[in-house]
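Please treat every number below as a calculation from the coordinates, not as lab data. Worth saying up front: this structure is predicted, and the values here are computed from it rather than measured. Here the Cβ positions follow ideal geometry from the backbone for every residue, glycine too, while neighbour counts run over all protein chains shown.
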Amino acid sequence: MSKKLLMNKYSVNGLLPVQEGLVCWLDAFDLTSYSLGIEWPDRTGNGNGIVREASNVVSVNNGILHACSIVDIPNPTKGLTSYSVEVGYEDLKTGYWLGLWGNTSANTERYCHGLSFHQLGNSYSAFPFYLTTPTKTEINGGKNYTVLTINSNILEIYHNGVKYYTFNSEPKNILPSEANYSCFMARKPNTLTPDATSGTDSRLAKWYYIRIYNKVLTEEEILNNYNYELTLQRG
């Protein structure tokens, strides 16, 4: 089956997530059970996620994974200077630090290879920068459809279909990730090697999906993907 036909299986009311540049799509709708060591199917066929840690699995129910866990994904952003990461989840206020995603492979005071992304209460942060977004009360305890785009040294964060924050990392440079795995439902540790697996700051939440693109999504594309999610009945 072609990739286009495969993606069309997931159309709802004529809507689909953007397919151009889509290199990873893990969705909780594809899970019927969840435990340490299983593979989470990647709808793009590029490389399934691997459950490295599953410290608390409450339930898997119609597109919602209620768990504290860490999934490793063969890193689809390796070597890229421009890409986008989307994470859909519901925050349950189970910890101030909530790791979402990371592809960091090394960092110093002057540069980093990749980055890690996490929620801080009612804001977001990306390590290893002194980046904390303005507070937004809807994030803490809310259903969050969050997009991070990276274009060289420019990071843009969208929340629920709307641009939320823009950050220029200079004078610290964002270099392409050299990591063999990116992590989901956690962030990468501060010090690590390209071969490192797993992550840190995993917290109990209700997880919907992660989508990764090998390009910078436009505002129109991000809004399209948000509207697609609003058509779904999860749980």
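Values of log10 I(q)/I(0) for the chain across q = 0.14, 0.17 Å⁻¹ run -0.83, -1.31, by the Debye formula with one identical scatterer at each alpha carbon and no solvent.
Relative to the present Cα-Cα distance, how much length would full extension add between Asn61 and Thr135 at 0.36 nm per residue of separation?
On the way: separation 74, 0.36 × 74 = 26.64 nm, distance 3.09 nm.
Extending this stretch completely gives an extra 23.6 nm.
GNM on the chain, C-alpha springs below 10 Å: top fluctuator among Leu120, Leu100, Leu131? The residue with the greatest mean-square fluctuation here is Leu131.
Note on Lys93: lysines with a C-alpha under 22 Å away, same-chain residues under 8 apart excluded, are Lys136, Lys143, Lys188, Lys206.
Counting GluC sites (Glu not before Pro) as exposed when in a DSSP loop with at most 11 other beta carbons within 10 Å, what is the longest stretch of the chain free of them? The longest such stretch corresponds to 110-235. Given labels modelled 7 Å from the Cα in the Cβ direction, how far is it in nm from Asp195 to Lys93? Using points 7 Å along Cα→Cβ, the separation is 4.4 nm.
Coupling constants for region 142-148 follow from the phi torsions by the Karplus curve (6.51 cos²θ - 1.76 cosθ + 1.60, θ = phi - 60°), and in residue order they are x, 8, 10, 10, 10, 10, 10 Hz; glycine and proline get x. Sequence-distant contacts, meaning Cα pairs under 8 Å at least 6 residues apart, place the relative contact order of the chain at 28 percent. Working value for region 154-196: equivalent-ellipsoid semi-axes of 24, 16, 8 Å, each the square root of 5 times a Cα gyration tensor eigenvalue, largest first.
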